[in-house]
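Here is the structure we will look at.
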Amino acid sequence: CEVGEAAGGGVCMSKPNAVQPTPAVADETLGAKSAENEALIAGAAKGEAVFVAFEDFKRYGVIPRRGHKKGFKHRLTGQMNATLCRPKSSFDAMRTLFVFVSHRWLSPGGADGHPDDAEGSKHRLVVEAIEKLLKVKHMKAEKWEVALWFDFGCVDQDLENPAAELDELHEIITQVDVVLTPVHDPGHADWEYPDDGWGDQYSEYRAAAFQEYWGRAWCVLEAMSGACMPVEGGAARAEAFEDGAIKNAILAGRRNHIVYGTKESVARMAPRFFPPLLYSNLERFHPVSLKLTSEKDRATIVRIAEGLQGHIKPLEVGYEGATNGDGEAHGWGKETYDTGNVYEGEHRNGVRHGRGTYRFADGDVYEGEWKDGNMHGRGTNRFASGAVYEGEFKDGKTHGRGTFRFASGEVYEGEWKDDKRHGRGTFR
């Protein structure tokens, strides 16, 4: 939503708390923890996904590698095998956000491959992204935590073909609430966000690594599964979350794709909530013919992609509600747009006019007054980042007096003009 960008709705004012990548040293405590977790996994229900607690991921210092070989030492990081993952049932679901990390490996190379580089760039991005998410009250629980699923740490990398363990990828995806893609972007200064607001975020986020992501079969299959597979528990699971992007997506049978890259890190911005992939996106990005590191995975990709087809539903664009004599929207009604945005409220002669709620596909929600199709009068804009603006609007922009509560907890109260702070105001 353009208002949020101009007003600073996505800005996180606190400094990122980066973790320096220092390969963890194998000791008796780590060995005991790995053995304990493997025992829990062995006793888990069939199909139950495993996750790494974020605090364990952060404390470990590098992206952990699950494997059964004794004495293994990775050539890139010096790390040994460590089973930090455990079954989903070992977490308190009502106070845990389950995150699927979908990403391209920075250092591919078969058994010697690693999802990160020698500097730990990706580990640092994931830590920053999750810490920023935790600063916003996404869940209703007073204290909540995050559990991560990622291939390197949750699938035994010493198997002959680790990818074979992902035959039931859709079963893993159903057990997560959101998808997160960390984007290592050394060339972040070479591109800019759109000047006039986002259209299609998936094509307009110009980081080279993110554009390459959409050329990789496994990456696209994960994103496709995240968009199509309903979240386990449906409406009941959604009740664990505060009103906002995550809850809205789950209620719609989908999940948000959160992107956090070097550009957001350098600018000290919050992670970006991309809207769930639309039907049109899924037609454009299809995994079957895309690149693979190992061609023996192709049959698995085809089988999973074909199984997802029944979950891909075209967007039902159109209007339902009261009309005038000319057949135009007039009175109360609901309109769904081809962008995935939805407006529910009052209309006059075919345009939004009166009171209504506009839900953006990326999770932003505006509730308030409308005039001639624009936000106009008093209203509240709740951003997917966790920021909230409450106050006056004019011709679709923040204008007049209003209060902006940043996701970081800081508050600006004062005057606005054309989506910018303008005039008298105070920060606290």
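Bear in mind these aren't lab numbers, they're just calculated from the coordinates by the rules spelled out. All figures in this text were calculated on a predicted structure; none of them were measured in a lab. With ideal geometry, Cβ positions are generated from the backbone for all residues, glycine too; neighbour counts draw on all protein chains shown.
Can you tell which of Val178, Val62, Val342 shows the greatest fluctuation in a Gaussian network model of the chain with Cα springs below 10 Å?
Val342
So, R0 is 22 Å and r is the distance between the beta-carbons of Val411 and Thr357; what FRET efficiency does that work out to, to 0.05?
0.40
Thr323 label point, 7 Å along Cα→Cβ, cut-off 11 Å on backbone N: hits in the range 329-352?
329-330
Show which lysines lie in cross-link reach of Lys137 when reach means a straight Cα distance below 19 angstrom and same-chain residues fewer than eight apart are skipped.
Those lysines meeting the cut-off are Lys15, Lys247.
Take the chain, connect every pair of alpha-carbon atoms lying under 10 Å apart with a spring to form a Gaussian network, then pick out the residue of Asp167, Asp156, Asp326 with the largest mean-square fluctuation.
The residue that fluctuates most here is Asp326.
Most exposed first by the Cβ proxy, i.e. fewest other Cβ within 10 Å, how do Cys85, Cys219 rank?
Cys219, Cys85
Looking at the range 107-203, which GluC sites (Glu not before Pro) are in a loop (DSSP not H, G, I, E or B) and have at most 16 other Cβ atoms within 10 Å?
Glu119, Glu142, Glu160, Glu168, Glu192
If I model a spin label as a point 7 Å beyond the Cα along the Cα-Cβ vector, how far apart are those points for Ser289 and Lys73 in nm?
Output for this residue pair reads 4.7 nm.
Are there GluC sites (Glu not before Pro) in the range 282-357 that DSSP puts in a loop and that have at most 11 other Cβ atoms within 10 Å, and which ones?
Taking the range 282-357 and a limit of 11 other Cβ atoms within 10 Å, the loop GluC sites (Glu not before Pro) found are Glu316.
Going by how many other beta carbons lie within 10 Å of each one, how would you line up His422, His330, His138, fewest first?
His422, His330, His138
Let a ≥ b ≥ c be the square roots of the eigenvalues of the Cα gyration tensor of the range 372-424; is it rounded (a/c under 1.5), or, if not, prolate (a/b larger than b/c) or oblate?
In terms of gyration-tensor shape, oblate.
Rounded if a/c is under 1.5, else prolate if a/b beats b/c, else oblate: with a ≥ b ≥ c from the C-alpha gyration tensor eigenvalues square-rooted, which is the range 59-311?
Here the range 59-311 falls in the rounded category.
Across the range 221-232, in residue order, what do the Karplus-derived ³J(HN,Hα) couplings come to in whole Hz, using 6.51 cos²θ - 1.76 cosθ + 1.60 with θ = phi - 60° and x for Gly and Pro?
4, 5, 5, 4, 5, x, 6, 9, 6, x, 6, 4
Which option, (1) 0.99; (2) 1.25; (3) 1.03, is the value of Rg/Rh (Cα atoms, Kirkwood Rh) that was calculated from these coordinates?
Correct label is (1).
Apply the a/c threshold of 1.5 to the C-alpha gyration tensor of the range 290-334 and tell me whether it is rounded, prolate or oblate.
Taking the square roots of the gyration eigenvalues as a ≥ b ≥ c, the range 290-334 is prolate.
Could you list the trypsin sites (Lys or Arg not before Pro) in the range 126-177 that lie in coil according to DSSP, counting only those with at most 13 other Cβ atoms within 10 Å of their Cβ? Could you put the intermediate results ahead of the total?
On the way: sites: Lys132, Lys135, Lys137, Lys140, Lys143; in loops: Lys135, Lys137, Lys140, Lys143.
Listed in order of number, the matching sites are Lys143.
Could you derive backbone 3J(HN,Hα) for the range 148-159 from the dihedral phi with the Karplus parameters 6.51, -1.76 and 1.60 (θ = phi - 60°), listing whole Hz in sequence and x where the residue is Gly or Pro?
Using θ = phi - 60°, the values come out as 10, 10, 8, 4, 4, x, 10, 10, 4, 7, 8, 5 Hz.
Students often get this wrong, so check it: of Lys46/Lys296; Lys33/Lys88; Lys69/Lys122; Lys371/Lys397; Lys33/Lys58, which have C-alpha atoms separated by over 18 Å?
From Lys46/Lys296; Lys33/Lys88; Lys69/Lys122; Lys371/Lys397; Lys33/Lys58, over 18 Å: Lys46/Lys296; Lys69/Lys122.
Quote the relative contact order of the range 318-427 in percent (integer), defining contacts as alpha-carbon pairs under 8 Å separated by 6+ residues.
Working: 275 pairs, mean separation 13.7, N = 110.
Contact order relative to length: 12 percent.
Can you tell me, using C-alpha contacts under 8 Å and at least 6 residues apart, the relative contact order of the chain as a whole percent?
So the answer I get is 15 percent.
Short version: ³J(HN,Hα) in whole Hz for each residue of the range 294-307, in order, from phi by Karplus 6.51 cos²θ - 1.76 cosθ + 1.60 (θ = phi - 60°), x for Gly and Pro, what are they?
10, 5, 5, 7, 4, 4, 5, 4, 4, 5, 5, 4, 5, x
Mean residue ellipticity at 222 nm from the helices of the chain, using -39,500 (n - 2.57) per DSSP H segment of n ≥ 4 over the full residue count, to the nearest 500 deg cm²/dmol? The partial results should precede the final answer.
Numbers: 14 runs with 107 residues, N = 428.
For the chain, the value works out to -6500 deg cm²/dmol.
Taking amide hydrogens as modeled 1.01 Å from N in the peptide plane, which residues meet the under 5 Å criterion relative to Lys394, leaving out close sequence neighbours?
Here Gly377, His399 satisfy the definition.
What percent do you get for the relative contact order of the range 205-335 when only Cα pairs under 8 Å and 6+ apart count?
Here the relative contact order equals 23 percent.
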